[in-house]
Structure formats: C-alpha cells, structure tokens
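Since every read-out is calculated from the coordinates, none of them should be taken as a lab result. Keep in mind that this is a model prediction, so the values were computed, not measured. A quick note on method: Cβ atoms are made from the backbone with ideal geometry, for glycine too, and the neighbour counts reach across all protein chains shown.
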Amino acid sequence: MPHMSGDEHQAHPADGSAVPPYGPARVRRARRTPRRRALRYLTWSALGLVLVGAGGTAYAWQHLNGNIKGTDVDAVLGDDRPGHQHDGSMNILLLGSDSRAGTHGQYGSGIAGARADTAMVLHVDKGHKKASVVSIPRDTMVERPRCATGHGGTAPAAHEAMFNSSYEVGGPACTVKTVEDMSGLRMDHYLEVDFKGFQKLIDEVGGVDITTHQAIHDPDSGLSLDAGRHTLKGKQALELVRTRHGVGDGSDLGRIQLQQAFVKALIQRADTVDPLGHPTKAYDLADTATKTISADSGLASTDKLLGLGKELKGISPGRTDMVTMPVTYDTQDAGRVLPLDKASHRVWDALRHDRPVPGSATRDSVAARTDSPVSAPS
C-alpha cells in the first residue's frame, strides 16, 4: 500500500544492505501490517468479466489475460520449501503494494523500487467453505532468508530484519520465502494488488458501506469521518486503508483493524453486484481488476482466476476469521514489533492442521488490546 509522507524514514536491515529510502515511519508504538486487498473481490471482478467475455470475442479474453502480471515463484525458490498440504486446503499470500511504477520486468511482475506494505496469509479450509486470514505486521523483526534479487544477484540472510524488507530486496518471491520460513507453511499461490488501481476499483463497484463507531480524523491520510454509517467511494476508501494516526495508538496496529473491516465490507458489496446485468460495466470492472493484480504463474490468467473465484464463492465474511500474527512491542525500537514465538507457532500450527486459529493464541498480542473502530454493516 502506498506510503504516506511526513514521518517516513529510511529502513536499515540488520545485514547492513542498502534499502530504498521509503521505509516505514517511526511512531511511538509499533505499527500493524496494512491490511491486504480483498482477494475474493478481485477474483470476483475477474470472474464477472470472464463470464461476460466468454460470450464476446477472443480479443477481449486475450486482452484481460495480458493485463495480469505473473511471477514464476516456483522457479525462483526451487525445492527448498515446505511440502504441499494434500488435504484440499490452500494457502495464498496476499500482498498490497505500489509496484507498478518503474518496473522494467524485474522479478517477473515489476517490483523495482516497490514496497509491499500489506501481507496476509489466506488459509482456505479443505472444504473451501471457511477461511482464516493472518496479517503479518510489516514492521515485524524477522529472520529474513537468503533471497535472489531482480538483478541476478543474491541478498544475504539477515538477522532481525524488518519483514517489509523482504519485498524490497527480492520481490514477491523473497516475501513468499520469508513467510514460508516463518510459518512452516507452503504458499500455494500469491496475489498482489497495486493500490494505484484500488481507488478506481472502488468507484467502479459503486462504493463500499462501512460503519464507524467513533469519529476518525487523520490529516496525514486525509480521512475525516464522523461516527455512523458511510458509503466510501474510491478516494475515501484509499484514505481509510492508509489511516493510522486517527485511530488507536497511531500505529499500523490500529490501521490493520480498519483494513480488515474494509475487506469484509468489500466482499459484501461484491456479492450485491450482478456482472451479467450490466455487461459493459462488468467488463470495465474486470479490466481494472486484472490491471490491478499480479500473481504467481499458477494464477496469472483469467481462466485460473475464474476457477479460484468459483472455489471461494461460498466463503462469506461470516465464515472468514481475521487475526494478526501475535506480536509485542520491541523495547529496543519503538517503531518495530517482535513475534511472540510460542503464540505465533500456535497460529501457524492451526493452519497447518486445517483448524481455526484458537482465540487464546492471540490473546496476549499487543494487536488484540483494542477493538476495531470500524465494522462492515451487519
């Protein structure tokens, strides 16, 4: 998700390697991972477009396929990865970034100078009826593995590197590898949303309804909302998912609550739109959606996204459990968080065994200390 100006500063990974000067802002308390884009909404957009395009021309289909950027993660990472789960469940790494500028084809989907400020692991159960989403705060200090870079080189492993640096030094494949090392889970796919197209998507779907339980005013993001129900169009929606100073302790740990609530509201909105009732609008929506997403090569086509959309069709917001990886504030750096190792292990172990994340696993996390100031309409 795009950074805000103001209190941003340059990040310095533990290995001493250079990192682009758009690292995370330093705040009084550590910040929570910006919440991911709405996977099901984006796959629904592609689905709606494909359904319409199937009755049209081959050109339309090819055009949509050409919009989607792909990365062959398997080729980059090789065989040194966790094994596949063979019970029918699925793990998808969801990323939100501003990766479409100045890409020149690096990493296979254009990542040069980009940041993935949103990272979520979506676990779909073996029956494809329920899902768990685990947000990973971008400022979490992790053991970053050795990764290939986009220039034919290698970024060395780093001790206590900021999680977000994995994307900066090695693109989505490095972030996938970092998540797999942290969790012991193989990521079957990754999906990335370019938030430069996020605003247009929200406008095209007609806006998203959310309820604020308190007034939110953040001069940095530009968001100003009174308490109550609102229909957010693209500009306000982007302001909401970027807001952190107007909620909680002014960190990403508050912002992620806004983002998670918005995702659920977006899924609800997508369910009310009939793509076949307005073919032209549906095509424009799907065209925007496919231009907005990148994926691994196993998903980087409209027919594959269509298949995924069908598989996720039965997963409603009420069947989606959203949590944040258990963390605590880093006493050595007020702008960072550290994993709660035992609690995090319980979270990943639950997904590995295709079980819901137990509430007790996240109870002691600093991310669980406040209630969300925003919710999707009931």
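The label point for residue 229 and the one for residue 369, both projected 7 Å from the Cα toward the Cβ, are 3.4 nm apart.
Cross-link pairs exceeding 30 Å in C-alpha to C-alpha distance, out of 200/264; 233/310; 235/342; 264/304; 313/342, comprise 235/342; 313/342. Looking at the square roots a ≥ b ≥ c of the eigenvalues of the Cα gyration tensor of the stretch 172-317, which shape do they give, rounded for a/c under 1.5, prolate if a/b is larger than b/c, or oblate? Taking the square roots of the gyration eigenvalues as a ≥ b ≥ c, the stretch 172-317 is oblate.
Taking 8 Å as the Cα distance limit and 6 or more residues as the minimum spacing, I'd like the relative contact order of the stretch 263-378 as a percentage.
Working: 71 pairs, mean separation 26.5, N = 116.
RCO, the stretch 263-378: 23 percent.
Per residue, the convex hull spanned by the Cα atoms of the stretch 171-224 amounts to 184 cubic angstrom. Quick one: Debye curve from the alpha-carbon atoms of the stretch 262-348 only, equal weights, vacuum; give me log10 I(q)/I(0) at q = 0.11, 0.17, 0.22, 0.23 Å⁻¹ to two decimals. Cα-only, vacuum Debye calculation for the stretch 262-348: -0.54, -0.94, -1.17, -1.21.
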